[in-house]
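Here the structure is laid out as structure tokens; the discussion comes afterwards.
The values are calculated or read from the model by the stated rules, or taken from the named source; none is laboratory data. If you're wondering where the values come from, they're calculated on a predicted model, not measured in any experiment. Reconstructed Cβ throughout: ideal geometry from the backbone, glycine too, with neighbour counts over all protein chains shown.
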Amino acid sequence: MNEMNLSRHNQRIIALQILYSLDIKNKFDIDFINEELKKINAARENFNIFKKNTYFKKIIEGVIEHQKKLDKKIDNFAIDWDLKRINTLDKNILRIALWELGEEIPVGVAINEAVELAKEFNGKKSAAFINGILGKSVNSSY
């Protein structure tokens with residue numbers, strides 16, 4: 001991880017880890033995230049990484065800013081699943097993917113990345129669940 005440039009996939013992983021951490025600590029607000037981003041920026045200075053890549057920051061800020069809207073979408077498309085029942089990791093993967101879809105990231109890229117993150121961190125069942133919800137979201141007029 002001492003490379004100057006991180007792939008978007010690796011930046012999604014960083015964003016997911018930070019969002020997950022914030023969510024389980026019930027610190028999902030913009031003031032707290034600004035403090036965390038200051039720490040990340042200090043680390044960036046010390047380790048000379050993330051210099052040119054700030055996509056993870058865009059994801060984090062975008063998800064936090066639009067959390068309520070994203071959660072409403074998840075709730076609408078996760079039929080027979082209450083938002084509170086969806087595990088924190090899956091919920092944040094879905095938030096990232098839905099935010100990216102709103103940022104005009106190609107549908108295939110956003111869904112594939114979300115499915116890969118789910119497989120990598122939570123297994124095949126999680127990946128299928130996320131794929132289903134995202135598939136419903138892009139096929140609806142909501």
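Just checking, does the stretch 123-140 include any residue being outside any helix (DSSP H, G or I), among the hydroxyl-bearing types (Ser, Thr, Tyr) and under 14 Å from residue 77 (Cβ atoms)? Talk me through it step by step, then tell me what you get.
At the first step, the residues of the stretch 123-140 found to be outside any helix (DSSP H, G or I) are 123, 139-140.
Checking which are among the hydroxyl-bearing types (Ser, Thr, Tyr) leaves us with 140.
Within this subset, residues satisfying the condition of being under 14 Å from residue 77 (Cβ atoms) are 140.
For the stretch 123-140, residues outside any helix (DSSP H, G or I), among the hydroxyl-bearing types (Ser, Thr, Tyr) and under 14 Å from residue 77 (Cβ atoms): present.
Take residue 92 and decide whether it is over 17 Å from residue 140 (Cβ atoms) and assigned to a helix (DSSP H, G or I).
Answer is yes for this residue.
Looking at this structure, is residue 96 among the β-branched types (Val, Ile, Thr) and without any contact (Cβ under 8 Å) to a residue 24 or more places away in the chain?
Criteria not met by residue 96.
Could you list all residues from the stretch 99-128 that are in contact (Cβ under 8 Å) with a residue 12 or more places away in the chain and among the aliphatic types (A, V, I, L, M)?
Within the stretch 99-128, 101, 107, 110, 111, 114, 115, 117, 118, 127 meet the criteria.
Does the stretch 43-57 hold any residues that are more than 12 Å from the chain's Cα centre (by Cα) and either among the aromatic types (Phe, Trp, Tyr) or modelled with pLDDT of 70 or more (or both), and which are they?
47, 50, 54
Name the residues in the stretch 97-122 that are in contact with a Gly (Cβ under 9 Å, 6 or more places away or on another chain), part of a helix (DSSP H, G or I) and not small (Gly, Ala, Ser), would you?
99, 100, 111
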